[in-house]
1. Go through region 1-22 residue by residue and tally those that are buried (at least 17 other Cβ atoms within 10 Å of the Cβ) and free of Cβ contacts under 8 Å to residues at least 60 places away in the same chain.
2. Looking at region 32-53 only, could you name the residues that are surrounded by 24 or more Cβ atoms within 10 Å (Cβ to Cβ) and either without any contact (Cβ under 8 Å) to a residue 60 or more places away in the chain or not in a strand (DSSP E or B) (or both)?
3. Scan region 103-126 residue by residue and report those that are of a type in the set (A, V, I, L, M, F, W, C) and surrounded by 14 or more Cβ atoms within 10 Å (Cβ to Cβ).
4. Can you tell me which residues in region 54-87 are assigned to a loop (DSSP other than H, G, I, E, B) and either in contact with a helix residue (DSSP H, G or I) (Cβ under 6 Å, 6 or more places away or on another chain) or aromatic (F, W, Y) (or both)?
5. Looking at the structure I just gave you, is D174 of a type in the set (D, E) and closer than 21 Å to P25 by Cβ?
6. Restricting attention to region 135-169, and to residues there that are surrounded by fewer than 19 Cβ atoms within 10 Å (Cβ to Cβ) and under 16 Å from the mean Cα position of the chain (by Cα), which single residue is nearest to V73 (Cα to Cα)?
7. Among the residues of region 162-180, count how many are of a type in the set (S, T, N, Q) and outside any strand (DSSP E or B).
Amino acid sequence: MPMRVIGGTAGGLILKGPPRSGVRPTSDRVRESIFEILKAHEADLENVLDLFSGTGAMGIEALSRGAEHCDFVESDSKAVEVIRENLSRTHLKDKSKVLPVSVARAMDRLQGPYSLVVADPPYEYDRAEQELAGVIEKGLLAPGGTLVVEHSKRKEWPETLAGRPQLLTRRYGDTCVTFYR
C-alpha cells in the first residue's frame, strides 16, 4: 500500500517508500492520528525537526500542514535520497534542509529551537532515549515545544524526559507514540 501525505497543501500526494526492507515507515493511519493529537493540543508546527527521518513522511506531513521549515536528520544514504525525492514530489524542498548524518553527529549542526521534534528511531536502537534527552538538554526543543517519539509497544518511555513531562502515549498495534511537552 503506497504512503501518501494525509493533509494540507500536499495532501493526497504519493510518497516514495523506504529504500530497503527493515525500514519501518510510520503508517498513514498513525501519522494522521499524531497530527490530530498535535492539533487538539494546539502544538506549534512552525519550526520542525524530523529525527531518524526514514522516508521523511513525518516532516513532510508537518510542512504540508503549514510548518515554515523542517530539518531532516537521517544517516542512511539511500533513505536520504528518498527524503530528497519526496520533498521534490511534494514541492516542499525550499522549506527544508536534509542532514545526512546520525542524530548524535547532527546535534552541533542543528539550529533550534524547534517547536516540534518528531523522532522514529529504529525499535532496537538502544541510544534513542539518551540522544532525545540530549536534544532537549541542548535547547533544541523550544520551551512549550512538543516532542513526539514513535517506539515499540515493548519499550516504555519515561514519565519525564530531560525535565519534559509526558503528555500522553497512544498505542497502534505494535507501535506506540509518546508525546512530551
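Nothing in this text is a laboratory measurement; each read-out follows from the coordinates by a stated rule. A quick note: this is a predicted structure, and the numbers were derived from the prediction, not measured. When we count neighbours, we look across all protein chains shown, and the Cβ atoms used for this are built from the backbone with ideal geometry, even at glycine.
1. The number of residues fulfilling the criteria is 3.
2. Here is the first cut: in region 32-53, the ones surrounded by 24 or more Cβ atoms within 10 Å (Cβ to Cβ) are 48-53.
Those that are surrounded by 24 or more Cβ atoms within 10 Å (Cβ to Cβ) and either without any contact (Cβ under 8 Å) to a residue 60 or more places away in the chain or not in a strand (DSSP E or B) (or both): F52, S53.
3. Going residue by residue through region 103-126, those that are of a type in the set (A, V, I, L, M, F, W, C) are 103-104, 106-107, 110, 116-119.
Answer for region 103-126, where residues must be of a type in the set (A, V, I, L, M, F, W, C) and surrounded by 14 or more Cβ atoms within 10 Å (Cβ to Cβ): V103, A106, M107, L110, L116, V117, V118, A119.
4. Going residue by residue through region 54-87, those that are assigned to a loop (DSSP other than H, G, I, E, B) are 54-56, 65-68, 74-76.
Matches in region 54-87: G54, T55, G56, E74.
5. Values: of a type in the set (D, E): yes; closer than 21 Å to P25 by Cβ: yes.
For D174, the condition - of a type in the set (D, E) and closer than 21 Å to P25 by Cβ - is met.
6. Here the answer is I136.
7. In the first step, residues of region 162-180 are kept if they are of a type in the set (S, T, N, Q); the result is 166, 169, 175, 178.
Filter once more, keeping what is outside any strand (DSSP E or B): none.
Residues flagged as of a type in the set (S, T, N, Q) and outside any strand (DSSP E or B) within region 162-180 amount to 0.
Every residue, every condition in (1) basic (K, R); (2) within 25 Å of I6 (Cβ to Cβ); (3) touching a residue at least 12 places away in the same chain (Cβ under 8 Å), yes or no:
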{"residue": "F72", "(1), (2), (3)": "no, yes, yes"}
{"residue": "S75", "(1), (2), (3)": "no, no, yes"}
{"residue": "R89", "(1), (2), (3)": "yes, yes, yes"}
{"residue": "A104", "(1), (2), (3)": "no, no, yes"}
{"residue": "E137", "(1), (2), (3)": "no, no, yes"}
